[in-house]
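Chemist: Sending over a structure as structure tokens; questions will come in a sec.
The values are calculated or read from the model by the stated rules, or taken from the named source; none is laboratory data. Here the structure is a predicted model, which means the values were calculated and not measured. Neighbour counts run over all protein chains shown; Cβ positions are idealised from the backbone, glycine included. Surface accessibility is based on the protein's heavy atoms, side chains included, excluding ligands, DNA and RNA. Shrake-Rupley method; radii C 1.70, N 1.55, O 1.52, S 1.80 Å.
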Amino acid sequence: MARSRAVTDWPRLNEKLWERSGGACERCGKFLAPGAGERHHRRLRSGGGRDELANLLLLCSRCHTTNSPTSVHSNVAEAKKYGHIVTRYADPSPVPVLHAKHGWIVLDNAGGFTPSMFEVADEEAA
């Protein structure tokens, strides 16, 4: 019997991402037009990343688009250093992320965050 896959409630997740981000790219801080922005999976979908708020960031197209030289996908080592990408073996929930507006934070699956006193350790970024 085939496994059923949970259906993602994208409207709810998009609303929570917009609220958490304050309408700005969570990486560079650029303000976005209402409804704009791209969802970025910190633990990439190709690595088993889920559609959960602790695993998602709202990014502008410059910070997200693969062919942009400044994007998280074009600068993977830097993105891992700042928690914008986590390894396929890591649970993104406890991994701090450098947020443009809030500094170092830990994201939760309710759409909130808590301040973090810790940056991503060098061995986690590798």
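Chemist: With (1) open to solvent by 70 Å² or more (accessible area, probe 1.4 Å); (2) touching a Lys or Arg at 6+ places or on another chain (Cβ under 9 Å) as the list, and Gly47 as the residue in question, which single condition is left unmet?
Modeler: So Gly47 meets the others, but not (1).
Chemist: Go through the residues of region 51-64 one by one and say whether even a single one is farther than 23 Å from Met117 by Cα, open to solvent by 20 Å² or more (accessible area, probe 1.4 Å) and without any contact (Cβ under 8 Å) to a residue 12 or more places away in the chain.
Modeler: There is no residue in region 51-64 that is farther than 23 Å from Met117 by Cα, open to solvent by 20 Å² or more (accessible area, probe 1.4 Å) and without any contact (Cβ under 8 Å) to a residue 12 or more places away in the chain.
Chemist: So the check is Cβ under 7 Å with 6+ separation or different chains; which pairs have a first residue in region 27-39 that's open to solvent by 40 Å² or more (accessible area, probe 1.4 Å) and a second one that's at pLDDT 95 or above and assigned to a strand (DSSP E or B)?
Modeler: Arg27/Leu57; Arg27/Leu59; Lys30/Ala24; Phe31/Ala24; Glu38/Leu59; Arg39/Leu56; Arg39/Leu58
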